[in-house]
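Scroll down for the structure; my scribbles are underneath it.
The values are calculated or read from the model by the stated rules, or taken from the named source; none is laboratory data. What you see is a predicted model; the values in this text were computed from it and never measured. Here the Cβ positions follow ideal geometry from the backbone for every residue, glycine too, while neighbour counts run over all protein chains shown.
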Amino acid sequence: MRILFRRRAELRHGLRIAAAGLFSFALASVLALPQSYWAVFTAVLVVQGSVGSSWKASIDRLLGTLLGAVYGAAIATVVPHGNVLMLGLALAISLTPLALLAAFNASYRVAPMTAVILLLGSSSSAEGPFLAAALRTVEVSLGGFVGMAVSLFVLPARAHALMGDAANRVLQRLAELLSDLVDCLLGEDRGAAIAVHQDAIRVAQTALESVTDEAARERRNYLSEDTDPEPVTRTLRRVRHDLVLIGRVAAEPLPLELRPQLTGALEQFAAQGRHFLRDIGLAFAQRGAPPSEVPFQSALHGLMGGLEPIRGDERVVALRFALEQLEQNLTDLVRRAEEFSRQRTVRVED
């Protein structure tokens, strides 16, 4: 049961896909559509991990099918294709421009497939190209409608909830990275671990940006009244950049003569920074109130105070600058977390 709880998002997604396929088949059968599998395929393909991505998939599928069906029907009507040679010519004329369009704009990637199926099917079908095009469009539209309805009303996965989890994954990895960077400043060899952290952060950041696009799409299309997701992603990007700056300083340990006076402050900064990043990550995931930044700020100010008397060392100057930027951006991140939490509270009260 514990495994099922951890994989509940995947289970819900699988149930949505199954429901969309069954509902679309039932409706297509009731309407006596000749090729109901188009509706089923479309519904299954439209249901994505979030409402925002499902919306995009349904629009792309409909536009691609409409374009491919109309263009394929026109070619099937204009170009005689009673033999293999003429059918190949008609196929080349219909497929080439649509394939190029799909290569330049992924939203139309189903257009070539639709034109090919319609053209090859109409060569042995009594429907005729334009009736076939109309029926395929109706079938795909039905599947898209069912897929979108299931995404909205059957165990819906809102992109903002997924975004909180994605932000948490980024922050947990940043917490580990910060700890290893401080160890490097104090002379420990953490190069391999830092490389692993950086790769994991890149993957997590890419996933966050993807789900942020989905959340923004939900807001633009009035599928959600949640907060603007962009500021969270921008702030996390800046926090990551601050740690990159610290990493450049940590490429070499601090001079031996500086370590005794800075070791305590650095260790305290690493401990409080790690706790703070982890806790604010959980706050995003749970859409709860962010942790207090006072312990972290106190540790950071203690480190800044230890660095202040050190003059003439370019690396120390760079470290002070990176720490100042990190303090500003983490303060901004607290505000983003408060907005994220406040919006959930408002929705619950409503």
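For GLY191, the test of being at pLDDT below 90 and closer than 29 Å to LEU300 by Cα is passed. Among the residues of this structure, PRO260 does not count as one that is assigned by TED's automatic domain parsing to the domain that holds ALA204, under 23 Å from ASP189 (Cα atoms), touching a residue at least 40 places away in the same chain (Cβ under 8 Å) and surrounded by fewer than 16 Cβ atoms within 10 Å (Cβ to Cβ). Of the helices (runs of 4 or more DSSP H) contained entirely in the range 28-140, those carrying at least 1 residues that are of a type in the set (D, E, K, R) and crowded, with 16+ Cβ neighbours inside 10 Å fall at 51-78. Mind checking whether some residue in the range 189-202 is under 18 Å from the mean Cα position of the chain (by Cα), among the aliphatic types (A, V, I, L, M), within 30 Å of ASP313 (Cβ to Cβ) and in a helix (DSSP H, G or I)? Within the range 189-202 (the criterion being under 18 Å from the mean Cα position of the chain (by Cα), among the aliphatic types (A, V, I, L, M), within 30 Å of ASP313 (Cβ to Cβ) and in a helix (DSSP H, G or I)), the answer is yes, since at least one residue qualifies.
Remark: pairs (first residue in the range 32-45, not assigned by TED's automatic domain parsing to the domain that holds SER58; second residue assigned to a helix (DSSP H, G or I); Cβ separation under 8 Å; 6+ apart in sequence or on different chains) are absent. Scanning the range 217-229 for residues that are under 26 Å from LEU330 (Cα atoms) and part of a loop (DSSP other than H, G, I, E, B) yields GLU225, ASP226, THR227, ASP228, PRO229. When the criteria are applied in full, VAL232 meets the requirement of being touching a Ser or Thr at 6+ places or on another chain (Cβ under 9 Å) and in a helix (DSSP H, G or I). The listed residues are ASP350, ASP313, and the only one of them that is modelled with pLDDT under 85, surrounded by fewer than 17 Cβ atoms within 10 Å (Cβ to Cβ), within 30 Å of HIS160 (Cα to Cα) and not aromatic (Phe, Trp, Tyr) turns out to be ASP350. All told, GLU293 meets the bar of being touching a residue at least 40 places away in the same chain (Cβ under 8 Å), closer than 19 Å to SER179 by Cα, surrounded by fewer than 21 Cβ atoms within 10 Å (Cβ to Cβ) and in contact with a helix residue (DSSP H, G or I) (Cβ under 6 Å, 6 or more places away or on another chain).
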